[in-house]
1. Of these, Ser238, Ser223, which one is touching a residue at least 40 places away in the same chain (Cβ under 8 Å) and under 25 Å from Ser60 (Cβ atoms)?
2. Among the candidates Ser268, Ser171, which residue alone is small (Gly, Ala, Ser) and under 30 Å from Ile98 (Cβ atoms)?
3. Out of the residues in region 333-379 meeting the condition of being in a loop (DSSP other than H, G, I, E, B) and farther than 20 Å from Tyr424 by Cα, tell me which one is nearest to the chain's Cα centre (by Cα).
4. Can you name the residue in region 393-442 that is closer than 30 Å to Glu300 by Cα and among the charged types (D, E, K, R) and is also modelled with the highest pLDDT among such residues?
5. Phe44 fails exactly one of the following numbered conditions: (1) within 23 Å of Gly301 (Cα to Cα); (2) at pLDDT below 95; (3) loosely packed, with under 15 Cβ neighbours inside 10 Å. What is the number of that condition?
6. Go through the residues of region 174-194 one by one and say whether even a single one is touching a Pro at 6+ places or on another chain (Cβ under 9 Å), on the phi < 0 side of the Ramachandran plot and not in a loop (DSSP other than H, G, I, E, B).
7. May I ask you to say which residue of Asp344, Asp389 is under 24 Å from Leu10 (Cβ atoms) and acidic (Asp, Glu)?
8. Would you please name the residue that is surrounded by the fewest Cβ atoms within 10 Å (Cβ to Cβ), looking only at residues in region 142-168 that are of a type in the set (D, E, K, R) and under 20 Å from Lys19 (Cβ atoms)?
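The values are calculated or read from the model by the stated rules, or taken from the named source; none is laboratory data. Source: prediction; values computed, not measured. Counting neighbours? That spans all protein chains shown, and the Cβs are built from the backbone with ideal geometry, glycine included.
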Amino acid sequence: MNIIWFQNDLRLNDNPVLKEALANGGELLPLYIFNEDQIDENQFGIGRMGYFRARFIWESLMDLKAQLKNEGFELQILKGKVSAIFDQINEAKAINTIFTSKASDPEGLKLENKIAAKYKLQSYWNNTLIDIDQLPFSPQNIPNIFTQFRKQIEKRVQVKELVTDYDWTKSTMANVTFKSMGFEDLNIELEENDSRSVLPFKGGSTAATERLEHYFWKTKKLSFYKKTRNGLVGADYSSKFSPWLATGSISAKEIYYEVKRYEDEHGSNSSTYWLIFELYWRDYFRYISNMYGSKIFWKEGLKAVEDKTNSKDGFWSSEMKVSSQQQNLFHKWCNGITGDDFVDANMRELKYTGWMSNRGRQNVASYLVHDLHLDWRWGAAWFENRLIDFDVHSNTGNWIYVAGVGNDPRPNRKFNTKLQAERYDQKRKFRQIWLEESLKLF
């Protein structure tokens, strides 16, 4: 049998992996694996996947499962070590080919190579606006400044058309089943929903389409995106597409072509352009991750000559020593009790909802690095646990950017959080929302 191994591409629309898997014909097993290595705790006792992101992924899977069932296929959802799970499946029924999205981060590439060493694996570039075969430069020679990357893309590349016309008739559901897992099997501590959340985020491509419909067509907020995108309060100051993009419940190309359709009906302006501009940023971080590999995790980032404090495969190493004072500062930052009310309000929003605005993220990251003088990777690890829209490329890319060790022509990107609060929360509405209740410390 063949397997379509869903990862961060939890959709049927515009999915080249699914189209290729179906076109191959024969028995097909749709599969998703919760990788234990990406759930377990790091050295600070923080699980890599917190409740809010886990729940969002689970909802996305339930939506995908229902859509596949309508086509005659049953999505299998398993948890464990990925390589071991494929071995168990192969014992039950021989694997012919595994179809999946191409990894572009060091951890994903390492896993992909491990699977490809044992099984026939066909991976396809997925989940960017501009595909890797369209780049006007070598993937190993990406410009070190985003503006140079963007200008070349805009000048020389046309976004590919959406993938359509799936042939569901050539493949049939593989005659093999496994014990289905439930959400409780993830063993992730449950957390309460917070009524102050800007949006009741729900996973899945159905919810992604509803959000797109709301933001573009029902409210026409897209026309004002650039003006409002730095807002802090409310559901519609920004698009909020990032959680669905992170899980692949919607593709960047789907959003792009919907923007173009919107421009045809309502006209183009700086706001419609700026949403596409942000999709270019998202692509850029993925290509930087693909080019630099594990170096994106080094303390000195892209500016390092060699790494002395970090393993080659992830954030942390056993040699990294953390003082009690540093732990205390980090604990206060995570819980939003630093004494800086703008930082604290943003950190509590993140902690209790899994969401934080882009403006908030830049400020709290700057505060951790430039005011508390802590290793940026601690913040990146906490964001990995908390954010419902976590993806390793954008998360790491933005952290090294703020820390001054990434793709940034400015030597010191330090935010004055007091001035930022005065500018973006002049009436203190945001801070009043998040600083009014008693704390729930982890």
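1. Values: Ser223 fails: under 25 Å from Ser60 (Cβ atoms).
The match here is Ser238.
2. Ser171
3. Step one: list which residues in region 333-379 are in a loop (DSSP other than H, G, I, E, B), which gives 336-340, 354-357, 372-375.
Checking the rest, the ones that are also farther than 20 Å from Tyr424 by Cα come to 337, 354, 372-375.
Working: Ile337: 27, Gly354: 12, Leu372: 26, His373: 26, Leu374: 24, Asp375: 21 Å.
Here the residue is Gly354.
4. Taking region 393-442 as the starting set, the residues that turn out to be closer than 30 Å to Glu300 by Cα are 393-421, 442.
Next, only the ones that are among the charged types (D, E, K, R) stay: 408, 410, 413-414, 418.
Numbers: Asp408: 75, Arg410: 73, Arg413: 81, Lys414: 93, Lys418: 97.
Among those that are closer than 30 Å to Glu300 by Cα and among the charged types (D, E, K, R), it is Lys418.
5. Of everything listed in (1) within 23 Å of Gly301 (Cα to Cα); (2) at pLDDT below 95; (3) loosely packed, with under 15 Cβ neighbours inside 10 Å, Phe44 misses just condition (3).
6. no
7. Details: Asp344 fails: under 24 Å from Leu10 (Cβ atoms).
Testing whether each residue is under 24 Å from Leu10 (Cβ atoms) and acidic (Asp, Glu) leaves just Asp389.
8. Asp165
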